[in-house]
Every structure is written in structure tokens, then in C-alpha cells.
Amino acid sequence: MFSSLTERLSKSFRNIINKGRLTEGNIKDTIREVRKAFLEADVTLSVIKTFIKNVTNKSIGQDINKSLTPGQEFIKIVRHELILAMGEKNNDLNLSICPPAVILVVGLQGVGKTTTTAKIAKWIQDKHKKKILITSTDVYRAAAIKQLEILSNQININFYASNIHQKPINITEEAIQYAKLKLYDILLIDTAGRLHIDEIMMEEIQQIQNFSQPIETLLIVDAMMGQDAINMAKNFSKYLSISGIILTKTDSDARSGIALSMRYITKKPIKFIGTGEKLTNLEIFNSERIADKILGMNQVISIIKDIEEKINQSQAKILTKKLQKGHNFNLNDFLVQIKEMRKIGGLNYFIDKFTNNNIPHNNPLLQNDKNNLNKIEAIIYSMTPKERSDPSIIKGSRKRRIALGSGTKIQDVNKLLKNFNDIQKIMKKIKSNGIGKIIRNIKNMLPKSF
């Protein structure tokens, strides 16, 4: 669903990602490309206008996080605005009511309402372990009731039988009474598909909502509808109190503008997305995950978060200054950095991300194994300050003393010294940039399309 938008945004970021600073001039072309990408994705014009305005205002004249390049800061701003457009909070179902909690499922004909009703029941059953009853008030579509009954049997959830000779309001009343009598926690009511311009049908569903007083009224929206979905949602909202939206057919080639527009225009949260035909293909709508998917940079966003939250920048600066002054990377430096970097996966984390693939880094010292790191630290702590600064002086008698002091074997000391020598070679390769620049240089980890 988001592939074409992802591709277009990737191209638009290409020219700004390496910029040294953000100015009105150098973001102008990128902003223009972002606008085009949104238009092609069928995002509503009012959403695009607000989005572009916010991104522009936040990009120009703002303080840049020193851990990130200005280009990466721009992407971070775009990501934040995407999340705001789709809703920052992830909205689960509200089931906090005296049983039975009624959930009303509404929408147009052919949007996948009946299947989605079963998917919701399956999701509640798996996550909340509730006692659930399903019923159908669709007395207009041939075999609609039977279809829901079959789906209910497939997921082992009880079905309250109805028939085409009953009135929808009567089915609703009887199902609620039965749910109370049998102590069900949840009653899911599937309704007939209706055109939002059909006043008689809309008044019928309004009557059902007024009588059943549902804790949730979920509007099912076909992701392939495009801009028409916005008008449909607005018209449904005139008759019903909608608590949330479920997007179906998001696994299709549909343009993704509906996901970006629906929340902003209707002010209603998108609660779930249907990701396939199976009854387990229903996911909670997570705006952060969707934003990362749209930007095509899940890995980069994750690394940016790790650097901002977990790395002690002052330690990185100290090491950078030492290297720039010509000092070698010694065991004292290694002891400090291993404590910092193992917070997010060890030195190997950075060497994997910031060096080219022809540098061997299967070094045991780089692995983030707790027992291994504890042994390494014990060996280093058993050394004198002079030995840590210049490991080359550690010979036979010194090795025996260090092994005895650390509770390890001479072979362990030899292994550490040999492997540390390899690490020094790697550090020399990246020494010219300094660790601080390496940490900031996340652009090297961007997808190849950048």
C-alpha cells in the first residue's frame, strides 16, 4: 500500500540528506517533491497544506541535535509530522463497560464488513480472552447471515442465529437479551452494508445504535476508495457516533493517501488495518510503525533512537579529541567505550553500520556477550595503568600476574591482547573521522536508494 509513496519520498530526500545545514533554499526543492509525492498518493489537499507548513516551519532556524546531520534531522521532522497526521496515540478497543460490551460494525457494501467482524472477534479472543457472541442484522444481502455463521465456527466463537424475515432492530434486541442471559462479555453486531446517501438505511442503523448503546461503533473503510472514503466517513458521522475506523485491503496496491487523510479529516482514530484475507490478518494501527514504513527507513529510525537515548556523547567527544591529537586507541579507551556501546549491541554495532564490508569484525571482543565482557573487564582491571596505555609491554611475567589477578588463564590474556590488536587496526581505519563524526554520520546507513 505504501510502496509507491516510499519510493517517491526516498528520491525527494536524496538531495537534502548530505546538506550541512537546513535553509529555506535547500529544503525548497525537497518540500516540492514531498508535496508531489503526497498528491500522487491521493492525500487530501488540506492535509498536504498543513503538513508542508509544519515541516517547513520546524526545519528552518531550529536547533539541530548534534548527534544527527541536518539532513537526518529533516527526515526526523517529516516522520514526526506523519505521526501527527495519523494520530500519535495508538487506540485499542474500549471494553471497559459492564458486560455485555456491544461493538457495532458499520460501513458501505463490499468493504469487507462481515469478514472484519470475524477478525475483530478473533483478535479480542486472542488478546483479551473474552467470552464473545456474534450476530448479523444484514437481512438484505443473500447468504450474509450464513457467511458470518461459517466464519464464527472457523474461529470457535458462538453465533446468535438470525434470519432474513426478522427486522434488524428486533435481532439487535434479542441478541442483547441473549448475551445478558448467557453472561457474554462481548456482543459483536454486523450490520448491512448501506450507501451513505440512502437516508432510510442510515436511519435504520441509527436506530440500532440508539437502542444498543455500543461501547464501540467501528466504521469499515476500503483503502482502495481514495478520496471518496472521506466523504463517506463524514456522512456516516452525521447519523452515527463513530468511535474508530478500520482500514481494509491495505495489502492491495491502493494509494496510501487514505491512511494519512482519514484521521486528520474525520478526527476519528484508525484502530485497525486489515492486512490480508486470513482471519488473523488484523493489526492494531500503529502510526509510528506506519511512518517508518512510509519513509522506508525502519532501521535508521531505530538507530537514531538508540544514539539519542543510550550513548554518552561526552565520552564519544573525549575519545574523538584523543584520536585527533594522535593518541592511539588503548585499553583504557576500550574499557570506557565497551561500557557505552554495549548498551546498544557492543562495538560491533557501530563497526557493522559505519564501516565498509571488507573490514573483518568477527572479533570476540566485539560481541555483546555479558559473560565475555565481564571476563574482559576483569583482565583489563588487573593491569597497571602503564599496561593499559601500552599493551605491547605485556610479556610473560606480566601475563601470569594479570591472569592470577583476574581469575582467568594466561590463554585468556593472550587472546584478549591478540584480538585487541585487531581492534586497534580497525580504529585506525576510522580514526580520521573521529568517533563523534562516525556516530553522527548515520547517512551511511540509509537505504541504498538514497
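The values are calculated or read from the model by the stated rules, or taken from the named source; none is laboratory data. What you see is a predicted model, and the numbers here were worked out from it, not measured in a lab. All Cβ positions, glycine included, derive from the backbone under ideal geometry; neighbour counts span all protein chains shown.
Restricting the stretch 93-109 to residues that are touching a helix residue (DSSP H, G or I) at 6+ places or on another chain (Cβ under 9 Å) and in a loop (DSSP other than H, G, I, E, B), the residue that is farthest from ASP185 (Cα to Cα) is LEU108.
Within the option set GLN166, GLN177, being over 34 Å from the mean Cα position of the chain (by Cα) and either surrounded by 23 or more Cβ atoms within 10 Å (Cβ to Cβ) or part of a loop (DSSP other than H, G, I, E, B) (or both) holds for one residue only, GLN166. Test ALA143 against the stated conditions and say whether it is aliphatic (A, V, I, L, M) and under 25 Å from the mean Cα position of the chain (by Cα). In short, no. Of LYS146, LYS131, all but one fail to be touching a residue at least 12 places away in the same chain (Cβ under 8 Å) and charged (D, E, K, R); the exception is LYS131. Only helices (runs of 4 or more DSSP H) whose full extent lies in the stretch 394-450 are considered here, and the ones with at least 2 residues that are at pLDDT 85 or above and of a type outside the set (Lys, Arg) are 396-406, 410-430. Annotation: of all residues in the stretch 363-393 being modelled with pLDDT of 85 or more and among the acidic types (Asp, Glu), the one that is farthest from VAL413 (Cα to Cα) is ASP390.
Does the stretch 139-150 contain at least one residue that is surrounded by fewer than 13 Cβ atoms within 10 Å (Cβ to Cβ), small (Gly, Ala, Ser) and outside the structural domain of VAL55 (by TED's automatic domain parsing)? The answer is yes, given that some residue of the stretch 139-150 is surrounded by fewer than 13 Cβ atoms within 10 Å (Cβ to Cβ), small (Gly, Ala, Ser) and outside the structural domain of VAL55 (by TED's automatic domain parsing). Against the conditions (1) at pLDDT 95 or above; (2) surrounded by fewer than 19 Cβ atoms within 10 Å (Cβ to Cβ), GLN109 satisfies every one except (1). Is at least one residue of the stretch 180-198 surrounded by fewer than 19 Cβ atoms within 10 Å (Cβ to Cβ), in the same structural domain as ASP126 (by TED's automatic domain parsing) and assigned to a helix (DSSP H, G or I)? Yes: the stretch 180-198 contains one or more residues that are surrounded by fewer than 19 Cβ atoms within 10 Å (Cβ to Cβ), in the same structural domain as ASP126 (by TED's automatic domain parsing) and assigned to a helix (DSSP H, G or I).
Here's the yes/no breakdown for (1) in a loop (DSSP other than H, G, I, E, B); (2) on the phi > 0 side of the Ramachandran plot; (3) crowded, with 16+ Cβ neighbours inside 10 Å:
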| position | (1), (2), (3) |
| --- | --- |
| LYS234 | no, no, no |
| LYS238 | no, no, no |
| SER241 | yes, no, no |
| LEU247 | no, no, yes |
| THR250 | yes, no, yes |
| LEU260 | no, no, yes |
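I'd like to know if the stretch 152-170 contains one or more residues that are free of Cβ contacts under 8 Å to residues at least 40 places away in the same chain, hydroxyl-bearing (Ser, Thr, Tyr) and under 28 Å from ASP92 (Cβ atoms). The answer is yes; a qualifying residue exists. Within the stretch 380-389, being charged (D, E, K, R) and exposed (fewer than 13 other Cβ atoms within 10 Å of the Cβ) holds for one residue alone: LYS386.
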